[in-house]
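Peer 1: This structure is in structure tokens; I'll ask about it shortly.
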Amino acid sequence: MRKAVLSVFAVLAIVGLTACATTTFHSSWKAPDAQPMGGLTGQKVVAVVMAKNTAARRAAEDSLVAMLNANGVQGIPSYTLVDESAAGDEAKAKAAIEGSGAAAVVVMRPVAKDKEIRSTPSTMYMGPMYGGYWGGYYGYGWGGAWAPAPDIRTDTIVTVETLVYSLKQNKLVWAGESQTTNPSRVDSFVKEVAAGAGKEMKKAGLL
């Protein structure tokens, strides 16, 4: 079942999930005239994570900044520029971010959360074993007197969009959509998505 997940970072920060997370990017797009972000080496790039929970937003932006710094740009978490109370005010956010001298922004936003039920089939019945009772069917019968119940597992799949905007052009230059299965803590979740986004941007020639 799909539903809005604007608070998914907050949920992860508070409770977490126990299963191992896996992240895959299933789609990406690059503007035909996008210039390599290598030209941004040493320049400021603001990390924006659209989450209303303050603690979750900060943890997520810090993780995103770490990925940016590792790729040679000067990452800045947006929470250091835009106060939580002004995050939804576009005019104030624009003034603060552009006033920082940033050349680009990288935005992360969770867009969907799905529950997927997976079932491992029980042992298939192969039919009776013909032959003697002793030394034949007796051991077979007790060894497979009934099939075990199927193993049913519910996975949580979170879809996140990652966008890169050039502030000089006010233009979208790259977009990617990822899915993470069973995310755990918000910091490890965002690190995984950020690392995947970095790889995808390198493939596209942006980093």
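Peer 1: Where a Cα-Cα gap under 14 Å defines reach, which aspartates and glutamates qualify for residue 113, not counting those fewer than 8 residues away within the same chain?
Peer 2: Within the straight-line cut-off, residue 113 pairs with 155, 161, 177.
Peer 1: Give me 58, 153 sorted ascending by neighbouring Cβ count inside 10 Å, so fewest comes first.
Peer 2: Values: 58 20, 153 12.
The fewest-first ordering by Cβ neighbours comes to 153, 58.
Each reported figure results from applying straightforward, stated rules to the coordinates on display, with no laboratory input. Computed from a prediction, not measured in an experiment: that's the story for all the values here. Backbone-built Cβ (ideal geometry, glycine too); neighbour counts: all protein chains shown.
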